[in-house]
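Visitor: Have a look at this one before I ask anything.
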Protein chains: 2
Amino acid sequence: MLRRQFCHGTILQDYRTHHDNNNREERMDTFECIRTRRTTRTFLPQEIPENTMHRILEAGRLTPSARNRQPWHLIAIRDQALLQRLAPLCPTGQFIEQARFAVAIVTDPANRWHEIDGARAVQNMELAGWNDGVGTCWIGSLERDKIKELLDIPPQLHLLTILPFGYPTEPDAPRRRTKKRPEEVFHWERFGQQR
Amino acid sequence: MLRRQFCHGTILQDYRTHHDNNNREERMDTFECIRTRRTTRTFLPQEIPENTMHRILEAGRLTPSARNRQPWHLIAIRDQALLQRLAPLCPTGQFIEQARFAVAIVTDPANRWHEIDGARAVQNMELAGWNDGVGTCWIGSLERDKIKELLDIPPQLHLLTILPFGYPTEPDAPRRRTKKRPEEVFHWERFGQQR
């Protein structure tokens, strides 16, 4: 049973049992999902249920794209030996070796919006994961040529990123990095106007 | 009171009363939000509540970004006269004149990931809106120089897109454009492998 407690804006949640529970009533409201999401680079060893992997992939597939071109392929990686082999090829993503599941996002540079649309798919997948208690982090630095060879990705396609997924070791940890304040980001009616 | 009925995968929802109701229990699970989201280009004249606008903007502000640089500004536009003036400057987004609210996403090209990160913020905002029954559509074609002048956007910044928001006239309309089938998008362990 998922335990959840709202307390002065803090969400405390037992992620360790979350994966046993797929009742949609128990899952998060979308805004709460966005608000509580944390970038996750340390994972528990728990397996990720099939349903959660399915929802993550579906969230990517159903993402809107420019002219509905859907310029992406999603490689679902569950093979633990393959995840181990990817780790040294991900200089800023060594934590992939602890992940139970990863998705490589492959886009088509023949489409001029391939990176923009791929990034939207990443965001959908990240939220679908967090909705089920699973965190991730966009790996920024990749040895793309070697990874493309390892994963049989055709040379003309682009490896946008890889998202390793897993249950966070500290799901209710405070945000480590600060966000800009609302008044630094929001403008009203015109640039530079506050309300 | 929000009425919602799940029926063979179709979500039927009375959006006309949705905006009166901000109980989080009534809002959508994130995966349902992603699954039921529809690109929206026709809007009802209903006002969008302050809380919903707040959540949309916050969803943008809280988006993850490369190295946490947050290379974006969000211009909230509620002035109906301004929305009217924007319409002729949006060749593929004339429907902005019916919107009750719009957000211009302005990014900083000095950051090499500005479009990717801006696209992630768009996706977060689109889902936060749909969570409250409000739809949107990424406007692809913009007369950027004229809009930047109208909105006082500094010349060195980039207008990524504008998102017009409103309650959809047909919230439960079927998806008009088809998505690729799962087997066209998903690969298992390596590119080209099915399971």
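The values are calculated or read from the model by the stated rules, or taken from the named source; none is laboratory data. These figures come from a predicted structure and were not determined experimentally. Cβ atoms come from the backbone with ideal geometry, glycine included; neighbour counts cover every protein chain shown. These area figures cover heavy atoms from the full protein model, side chains too; ligands, DNA and RNA do not enter into them. Shrake-Rupley method; radii C 1.70, N 1.55, O 1.52, S 1.80 Å.
Visitor: Collect the residues in the range A:157-176 that are crowded, with 17+ Cβ neighbours inside 10 Å and not aromatic (F, W, Y), keeping them in residue-number order.
Guide: Answer for the range A:157-176, where residues must be crowded, with 17+ Cβ neighbours inside 10 Å and not aromatic (F, W, Y): A:L157, A:H158, A:L159, A:L160, A:T161, A:I162, A:L163, A:P164, A:G166, A:P168, A:P171.
Visitor: Okay, next question. Looking only at helices (runs of 4 or more DSSP H) that fall completely inside the range A:49-159, which ones have 2 or more residues that are within 7 Å of chain B (Cβ to nearest Cβ) and touching a strand residue (DSSP E or B) at 6+ places or on another chain (Cβ under 8 Å)?
Guide: So the answer is A:50-61, A:114-131.
Visitor: Sort out which residues of the range A:72-92 are within 20 Å of B:I116 (Cβ to Cβ) and open to solvent by less than 10 Å² (accessible area, probe 1.4 Å), and write them in order of number.
Guide: Initial filter on the range A:72-92 (within 20 Å of B:I116 (Cβ to Cβ)): A:72-75, A:90-92.
Scanning the range A:72-92 gives A:W72, A:L74, A:I75, A:C90.
Visitor: Residues that are in contact with a helix residue (DSSP H, G or I) (Cβ under 6 Å, 6 or more places away or on another chain) and more than 23 Å from B:R69 (Cβ to Cβ): does the range A:175-185 have at least one?
Guide: Checked against the condition, which is being in contact with a helix residue (DSSP H, G or I) (Cβ under 6 Å, 6 or more places away or on another chain) and more than 23 Å from B:R69 (Cβ to Cβ), the range A:175-185 yields no hits at all.
Visitor: Give just the number: which of (1) charged (D, E, K, R); (2) more than 11 Å from every other protein chain (Cβ to nearest Cβ); (3) in a helix (DSSP H, G or I) does A:D172 not satisfy?
Guide: Of (1) charged (D, E, K, R); (2) more than 11 Å from every other protein chain (Cβ to nearest Cβ); (3) in a helix (DSSP H, G or I), only one is false for A:D172: (3).
Visitor: Test A:E184 against the criterion of being outside the structural domain of A:L82 (by TED's automatic domain parsing) and either modelled with pLDDT of 95 or more or not in a loop (DSSP other than H, G, I, E, B) (or both), and give yes or no.
Guide: For A:E184, the condition - outside the structural domain of A:L82 (by TED's automatic domain parsing) and either modelled with pLDDT of 95 or more or not in a loop (DSSP other than H, G, I, E, B) (or both) - is met.
Visitor: For the range B:153-162, indicate whether the set of residues that are assigned by TED's automatic domain parsing to the domain that holds B:R112 and either at pLDDT below 95 or touching a helix residue (DSSP H, G or I) at 6+ places or on another chain (Cβ under 6 Å) (or both) is non-empty.
Guide: Yes: the range B:153-162 contains one or more residues that are assigned by TED's automatic domain parsing to the domain that holds B:R112 and either at pLDDT below 95 or touching a helix residue (DSSP H, G or I) at 6+ places or on another chain (Cβ under 6 Å) (or both).
Visitor: Being within 30 Å of A:S141 (Cα to Cα) and open to solvent by less than 60 Å² (accessible area, probe 1.4 Å) is true for just one of B:V103, B:V122, B:V134. Which residue is that?
Guide: Working: B:V103 fails: within 30 Å of A:S141 (Cα to Cα); B:V134 fails: within 30 Å of A:S141 (Cα to Cα).
Answer to the check: B:V122.
Yes or no, residue by residue, for (1) open to solvent by less than 60 Å² (accessible area, probe 1.4 Å); (2) in contact (Cβ under 8 Å) with a residue 12 or more places away in the chain; (3) within 23 Å of A:L127 (Cα to Cα):
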position	(1), (2), (3)
B:L127	yes, yes, yes
B:G140	yes, yes, no
B:I147	yes, yes, no
B:T178	no, no, yes
B:R181	no, no, yes
